[in-house]
Amino acid sequence: AALILLFAHTRPVQRKLDGLKNAVAQLQQEVGDFRGAPQEGNEMLAADLSEVEKKELDQAIPEAIEQDIIMSDLNRIAKTADVSFNALTFSLDQKGALPTINISAGFHGVSANIIRFVKMLEVNPRKFLVKDAGITRSENAGGLELMNLNITMQAFYRNNE
């Protein structure tokens, strides 16, 4: 009688446990499908772009980190704006949906040129997102007020691994 009672009691519990195992397996499959979906979506998105749109995407958000190109772009923009390029540091953040390169940089120049430099950053084909900017007065030279610009920006890249 005790054996029948034990069997009658454990059988429903075993069924519930089997049901839970199946539910967990199904949820794991859904999570795996969800993790694979963005990559497939990016490939489908890239397939829907025209050649001009693909070229613009590659300029704005290249597939590789390209720190050398970032330095060249910043130096070219600084020279065009007549601003001195003093310091530069990089750090990577690969945790987000789109990996970023965090850039801290220092520039020196006349206030009007500093403003022109920041505007040129905004229209550069390689998109820079300015997170922080700090300006301090440094000195007066020949009636011109010189400024130091410390700026923190982000540049993006696609990691298609």
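Only one residue in Ser84, Ser104, Ser91, Ser111 is in contact (Cβ under 8 Å) with a residue 40 or more places away in the chain and either closer than 16 Å to Asn150 by Cβ or among the aromatic types (Phe, Trp, Tyr) (or both). Which one?
Result of the check over Ser84, Ser104, Ser91, Ser111: Ser104.
Quick one: which strands (runs of 3 or more DSSP E) lie wholly within the stretch 78-161 and hold at least 3 residues that are of a type in the set (A, V, I, L, M), closer than 21 Å to Asp68 by Cα and in contact with a helix residue (DSSP H, G or I) (Cβ under 9 Å, 6 or more places away or on another chain)?
Strands (runs of 3 or more DSSP E) meeting the threshold: 100-110, 144-156.
If a residue has to be open to solvent by less than 40 Å² (accessible area, probe 1.4 Å) and under 17 Å from Thr152 (Cβ atoms) to count, how many in the stretch 73-95 make the cut?
Result for the stretch 73-95: 5.
Of (1) in contact (Cβ under 8 Å) with a residue 40 or more places away in the chain; (2) closer than 20 Å to Asn75 by Cβ; (3) among the hydrophobic types (A, V, I, L, M, F, W, C), Ala133 satisfies all except one. Which?
(1)
The values are calculated or read from the model by the stated rules, or taken from the named source; none is laboratory data. From a predicted model like this one, the values you see are computed outputs, not experimental measurements. Cβ sites come from the backbone with ideal geometry, for glycine too, and all protein chains shown count toward neighbours. Surface accessibility is based on the protein's heavy atoms, side chains included, excluding ligands, DNA and RNA. Shrake-Rupley method; radii C 1.70, N 1.55, O 1.52, S 1.80 Å.
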